[in-house]
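Asks: Just dropping this structure here.
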Amino acid sequence: MKQSVRKLKFIRKPIEIIKENKKAFILMNAIFYGLLLLTMIVTAIFPDLQAKTIDNANQQLSAPWLESTVVAAYTNGNVGLAGIYTFLVNLILGTFLSMTLPSLVIPFAGLIMGGYRAIFWGMTFAPLNGVTGLLPHYLTLLIEEQAYVIAMFAIVIQGRSFLFPRRIGLASRWNGYKQGLIQSAWLYLPVILLLVVGGVYEAIELIVLAPPGN
């Protein structure tokens, strides 16, 4: 019975935080997807942007540690390992180190990386040659993008709690900082879940569902 209650709390608590801060959550979605769509439109007008962005991404993937882990797992067709590596890279590098951690030092700093991520994906996946071939990967993006949006939302909650503690009934910024940490930790539960699903699906999509020769 206690275990069931705990499981329900893991689900209920993040939803409660989102409901309590609904405007901030909607704003983060609007900013992220607005940037994404705007960048896709700009890339359709200036298609060279996509080629340059993809070249830059390939250069990043040529880093030795990425080639020996993530790239090797996809090249060798190891779905399980590819899914794990994709999840870990997105969680550790994509969200925590580049977004959440900087925001714990400078409030809201990680939002810049969240915006960059939207612009990068907008350039990379603008449907210049039609949308049909990209449809399977758009599902991957939708899953992973929502994880980044929730991470951005957690950054806003953390920053507001620290800078304006009286808004949540706390007397000091230190108490607000600690409360923001607790709420961020709860919000990381759906972030982790979405990135797990996204990592597994991306591995299946690129290894199992990919057309022959790709």
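The values are calculated or read from the model by the stated rules, or taken from the named source; none is laboratory data. In this text, all values refer to a predicted model and were calculated from it rather than measured experimentally. Here the Cβ positions follow ideal geometry from the backbone for every residue, glycine too, while neighbour counts run over all protein chains shown. These area figures cover heavy atoms from the full protein model, side chains too; ligands, DNA and RNA do not enter into them. Shrake-Rupley method; radii C 1.70, N 1.55, O 1.52, S 1.80 Å.
Asks: Residue check, GLN50 against (1) closer than 30 Å to SER184 by Cα; (2) open to solvent by less than 50 Å² (accessible area, probe 1.4 Å), all met but one. Which one?
Replies: The single condition GLN50 does not satisfy is (1).
Asks: Could you say which residue among LYS23, LYS19 is closer than 23 Å to ILE112 by Cβ and free of Cβ contacts under 8 Å to residues at least 60 places away in the same chain?
Replies: LYS23
Asks: May I ask you to say which residue of ALA147, ALA171, ALA151 is closer than 27 Å to LEU209 by Cα and among the small types (Gly, Ala, Ser)?
Replies: Going through ALA147, ALA171, ALA151 in turn, the sole match is ALA147.
Asks: Exactly one condition in (1) out of contact with any Gly (no Cβ under 8 Å at 6 or more places or on another chain); (2) touching a residue at least 60 places away in the same chain (Cβ under 8 Å); (3) farther than 22 Å from ALA151 by Cα is not met by ILE119; state its number.
Replies: Only one criterion is unmet by ILE119, namely (3).
Asks: In the range 177-212, how many are closer than 21 Å to ILE18 by Cα, open to solvent by less than 50 Å² (accessible area, probe 1.4 Å) and either touching a Leu at 6+ places or on another chain (Cβ under 7 Å) or not in a helix (DSSP H, G or I) (or both)?
Replies: 1
Asks: Out of all the residues in the range 165-211, which are under 19 Å from the mean Cα position of the chain (by Cα), over 13 Å from PRO14 (Cα atoms) and among the hydroxyl-bearing types (Ser, Thr, Tyr)?
Replies: TYR201
Asks: Out of all the residues in the range 156-176, which are farther than 21 Å from PHE25 by Cβ and either modelled with pLDDT of 95 or more or in a helix (DSSP H, G or I) (or both)?
Replies: Result: ARG166, ARG173, TRP174, ASN175.
Asks: While we're on this one: Answer yes or no as to whether LEU128 is surrounded by fewer than 21 Cβ atoms within 10 Å (Cβ to Cβ), not β-branched (Val, Ile, Thr) and not in a loop (DSSP other than H, G, I, E, B).
Replies: no
Asks: Still on this structure: Taking the condition of being among the β-branched types (Val, Ile, Thr) and either modelled with pLDDT of 95 or more or more than 10 Å from THR43 (Cα to Cα) (or both), how many residues in the range 120-134 meet it?
Replies: Going through the range 120-134 one residue at a time, the tally reaches 2.
Asks: Tally the residues that are in a helix (DSSP H, G or I) and over 15 Å from PHE32 (Cα atoms), restricting the search to the range 95-123.
Replies: 9
Asks: Then there is this: Look through the range 28-45, keep the residues that are open to solvent by less than 20 Å² (accessible area, probe 1.4 Å) and hydrophobic (A, V, I, L, M, F, W, C), and return whichever of them is farthest from PHE108 (Cα to Cα).
Replies: Taking the candidates together, the pick is LEU36.
Asks: Determine whether THR140 is within 30 Å of VAL79 (Cα to Cα), outside any loop (DSSP other than H, G, I, E, B), of a type in the set (Ser, Thr, Tyr) and at pLDDT 95 or above.
Replies: no
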